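Visitor: First the structure, then my questions, so here it is.
The values are calculated or read from the model by the stated rules, or taken from the named source; none is laboratory data. Since the model is a prediction, treat every value here as computed from it, not as a measurement. Positions of Cβ are backbone-derived with ideal geometry, glycine not excepted, and every protein chain shown enters the neighbour counts. With ligands, DNA and RNA removed, areas are computed over all heavy atoms of the protein, side chains included. Shrake-Rupley method; radii C 1.70, N 1.55, O 1.52, S 1.80 Å.
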Amino acid sequence: MDLKKFRTTEQRWEITVLGGPNTTRQVRPVDEFERELQAWGDSLGIAVRHFQSNHEGKLLEYIHANSKDVNGFLLNPGGLVRVAESLRHVLKDSKKPTIELHLSQREIRGESIFAPSVTGIFAGPGRHAVLGALVSLSLALDDLDFLNPEGTSEINRSHGQPRSLYV
């Protein structure tokens, strides 16, 4: 599958897929999932990293150490969907676009604490939600008027701050 044809630039964006507690059970075997991520990234002409931890502190440390090197994050918060206020803050402080990601609609029933702070939300169906979010974020980063770091439009969100969902 060649997804580069949908892209408007040849910029090789760096996108990190973050997985919180209990997310590896959804993508078993993990090594196969990581190969799939690499294939999707190659097809899109982007670089994809994957980091998963069952410990919120390790996710925070990873983001602090790597946010200067990535253009955006896909976050599957797993068991942290309603309780990870510090994770929400570190992603917001990174000033990088972040897509909240769930492999199933069931995972987001109720309220997610990330919703007001993320650029977008993808949920289901299964692993294809990851591909959809990668394509979406890549195209949005290509768009000078939306997320492209070189964009100067009044509506550009390259600093990662979403427009309020409540205004």
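Visitor: 7 Å from Cα along Cα→Cβ at both residue 153 and residue 83: what's the point-to-point distance in nm?
Guide: 4.0
Visitor: Taking R0 as 22 Å, what's the FRET efficiency between residue 113 and residue 136 from their Cβ-Cβ distance, rounded to 0.05?
Guide: Details: r = 22 Å, r/R0 = 0.98.
Plugging the Cβ-Cβ distance into 1/(1 + (r/R0)^6) gives 0.55.
Visitor: List every residue whose amide H lies under 5 Å from the amide H of residue 98, counting only residues 5 or more places away in sequence or on a different chain, with H placed 1.01 Å from N in the peptide plane.
Guide: Hits under the 5 Å cutoff: 73, 119, 120.
Visitor: May I pose another question? How large, in percent, is the carbon and sulfur part of the accessible surface of the chain at a probe radius of 1.4 Å? Show your work: numbers first, answer last.
Guide: Details: 4380 of 8580 Å².
About 51 percent, which is the carbon plus sulfur part of the accessible surface.
Visitor: Can you work out the accessible area per residue across the chain, with the rest of the protein chains kept in place, probe 1.4 Å, in square angstrom? Numbers along the way, then the final one.
Guide: Values: 8580 Å² over 167 residues.
Counting only protein heavy atoms, the per-residue value for the chain is 51 Å².
Visitor: So, R0 is 30 Å and r is the distance between the beta-carbons of residue 105 and residue 36; what FRET efficiency does that work out to, to 0.05? Don't skip to the answer; put the middle values down first.
Guide: Details: r = 21 Å, r/R0 = 0.71.
FRET efficiency, residue 105 to residue 36: 0.90.
Visitor: Between their Cα atoms, which of 4/92; 4/96; 58/92 are more than 25 Å away from each other? Each step should come with its number before you reach the end.
Guide: Details: 4/92 29 Å; 4/96 22 Å; 58/92 17 Å.
Pairs exceeding 25 Å: 4/92.
Visitor: Moving on to the next point. For the chain, what is the largest minus smallest coordinate of the Cα atoms on each principal axis, given in angstrom and ordered from greatest to least?
Guide: 39, 36, 30
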